[in-house]
Amino acid sequence: MSDNGSKLTVLKEVPVQEAIGLRLAHDLTQIIPGEFKGRLFKKGHLITEADIPKLLDIGKEHIYIMELAEGDLHEDDAARRMASALKCDGLQLSESHEGKVAIKSALDVPAIAEIDPAVVHAINELGEIALATVRTNAVIMPGGQLAATRVIPLVVPEAKVSAVEELIASYKEQHDGASPLRLKPLRKFRIGLLTTGGEVFSGRIQDKFGPAVTRIVEALGSEIAEQRFSPDDRHTIVKEIHYLRDQSYDMILVTGGMSVDPDDRTPAAIAEAGAQIVSYGTPMLPGSMLLMGYLGDVPIMGLPGCVMHDPYTSFNVLLPRILAGDTIVRSDIVGMGYGGLNSR
Ligand SMILES: Nc1nc2c(c(=O)[nH]1)N[C@H]1C(S)=C(S)[C@@H](COP(=O)(O)OP(=O)(O)OC[C@H]3O[C@@H](n4cnc5c(N)ncnc54)[C@H](O)[C@@H]3O)O[C@H]1N2
Ligand code: MOO
């Protein structure tokens with residue numbers, strides 16, 4: 001509440017029994033663990049006699065009646081204004097709900113988030129307000145949420161929200177109008193897949209890698225255009241990589257033979273095929289034996305066995321970035337170790 005010189009926001013506590021005919025000043029939440037969490041009453045709801053036991057059930061013996069002073073903002077309006085300042089092409093805002101506005105993807109394809117952490121910190125440094133975001137490079141599916149705004153008290157000085165708007169405006173000014181919060185859409189790649197391993201090539205065991213990689217790739221809107229098979233023979237692997245390159249696929253994936261056995265030929269074959277190796281080995285677990293390289297400008301990856309069975313590996317981190325058009329460099333790989341342990 002702020003003193004604007006003339007009038008202060010008035011919050012009057014009224015016992016619920018005396019509140020019939022009055023309007024609620026904010027959304028009221030009910031939580032029944034395991035069953036329900038959400039809005040029981042909406043801001044502005046006209047209280048009736050039938051509401052009184054429901055209000056008592058959620059622990060409300062009093063409600064607020066509010067007269068907002070000029071220069072103060074209701075939590076819903078403050079959250080909406082902050083979210084509007086952050087909105088740009090590809091984003092949409094939810095209605096305010098219990099004082100919160102969600103910022104979501106408006107794209108019809110998956111995307112990755114690009115967020116400037118310094119701006120997020122500067123906004124949260126102001127106090128009494130909250131901007132929570134996902135991390136840069138998080139995958140956001142169509143309609144998925146990447147951030148939310150809220151203020152902490154029921155009422156904040158408008159100056160607080162203006163300060164947020166100014167921080168965002170000055171970021172946009174310095175970045176050609178780009179918001180500190182944006183999405184990079186994923187392109188649809190046609191991918192060539194080479195599955196190595198004598199035990200699969202000979203038919204001793206059934207291929208489990210193809211279906212696993214297909215699932216991951218398709219979930220991001222791309223496709224495995226062709227799958228080839230090879231025994232653990234370096235020359236054959238090189239020949240098959242060249243075949244896939246000659247089909248002009250957008251990316252080449254090679255599975256199996258990525259670790260330390262004598263039959264693990266894949267890393268050497270990828271190098272012999274002419275790829276520039278960005279890194280063989282990735283400081284993330286699972287997924288440490290992953291190889292990242294480029295054959296000309298075509299990304300090529302050697303995928304270790306864990307990709308077959310582990311739901312989140314270094315492949316899940318790098319693939320979306322490649323589909324978004326990022327070129328992976330060594331510092332990207334090095335940076336994956338911090339926070340890169342997904343213990344099972
Ligand atoms: N002593 C060490 N052991 C392991 C290391 C290590 O550094 N030192 N690395 C571990 C990591 S990390 C991984 S991941 C695994 C697997 O590495 P590879 O990519 O070399 O996998 P393979 O040896 O080719 O196969 C392992 C396992 O998976 C089966 N497989 C392979 N491809 C398919 C397929 N297409 N369909 C079905 N099953 C497949 C294969 O038959 C083997 O049973 O190594 C750790 N060990
Ligand atoms: O590369 Mo392994 O792929 O860490 O489980």
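Tallying residues that are of a type outside the set (A, V, I, L, M, F, W, C) and touching a Phe, Trp or Tyr at 6+ places or on another chain (Cβ under 6 Å) within the stretch 112-138 yields 0.
Within the stretch 189-209, restricting attention to residues that are in contact (Cβ under 8 Å) with a residue 40 or more places away in the chain and surrounded by fewer than 19 Cβ atoms within 10 Å (Cβ to Cβ), the residue that is farthest from Tyr249 (Cα to Cα) is Gly198. The numbered conditions (1) free of Cβ contacts under 8 Å to residues at least 60 places away in the same chain; (2) within 14 Å of ligand 2 (Cβ to nearest atom); (3) of a type outside the set (Lys, Arg); (4) within 18 Å of Ala138 (Cα to Cα) are all true for Phe315 except (1).
Exactly one residue out of Met284, Met308 is within 12 Å of ligand 1 (Cβ to nearest atom) and crowded, with 18+ Cβ neighbours inside 10 Å: that is Met284. Is it true that His242 is within 15 Å of Gly192 (Cα to Cα), more than 30 Å from the chain's Cα centre (by Cα) and at pLDDT 95 or above? Yes, satisfied.
One line per residue, one yes/no per condition, for (1) polar (S, T, N, Q); (2) farther than 24 Å from Thr327 by Cα; (3) more than 13 Å from the chain's Cα centre (by Cα); (4) within 16 Å of ligand 2 (Cβ to nearest atom):
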site	(1), (2), (3), (4)
Pro110	no, no, no, no
Pro117	no, no, yes, no
Asn124	yes, yes, yes, no
Gly143	no, yes, no, no
Leu167	no, yes, yes, no
Ser170	yes, yes, yes, no
Glu173	no, yes, yes, no
Leu183	no, no, no, no
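So, of the residues in the stretch 245-281 that are away from ligand 1 (no atom under 11 Å from the Cβ) and of a type in the set (Ser, Thr, Tyr), which turns out to be farthest from the chain's Cα centre (by Cα)? That would be Ser248. Of the residues making up the stretch 243-281, just one is of a type in the set (Phe, Trp, Tyr) and either part of a helix (DSSP H, G or I) or crowded, with 23+ Cβ neighbours inside 10 Å (or both), namely Tyr243.
Among the residues making up the stretch 199-231, those that are of a type outside the set (Val, Ile, Thr), farther than 30 Å from Ala147 by Cα, out of contact with any strand residue (DSSP E or B) (no Cβ under 9 Å at 6 or more places or on another chain) and away from ligand 2 (no atom under 16 Å from the Cβ) are Glu199, Ser202, Gly203, Arg204, Gln206, Pro211.
Let's see how each residue does on (1) in contact with a Ser or Thr (Cβ under 7 Å, 6 or more places away or on another chain); (2) not acidic (Asp, Glu):
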position: Val101; (1), (2): yes, yes
position: Lys104; (1), (2): yes, yes
position: Asp108; (1), (2): no, no
position: Glu125; (1), (2): no, no
position: Arg135; (1), (2): no, yes
position: Ala138; (1), (2): no, yes
position: Gln145; (1), (2): no, yes
position: Glu158; (1), (2): no, no
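The values are calculated or read from the model by the stated rules, or taken from the named source; none is laboratory data. Computed from a predicted model, the values in this text were never measured in an experiment. Note that each Cβ is placed from the backbone with ideal geometry, even for glycine, and that neighbours are counted across all protein chains shown.
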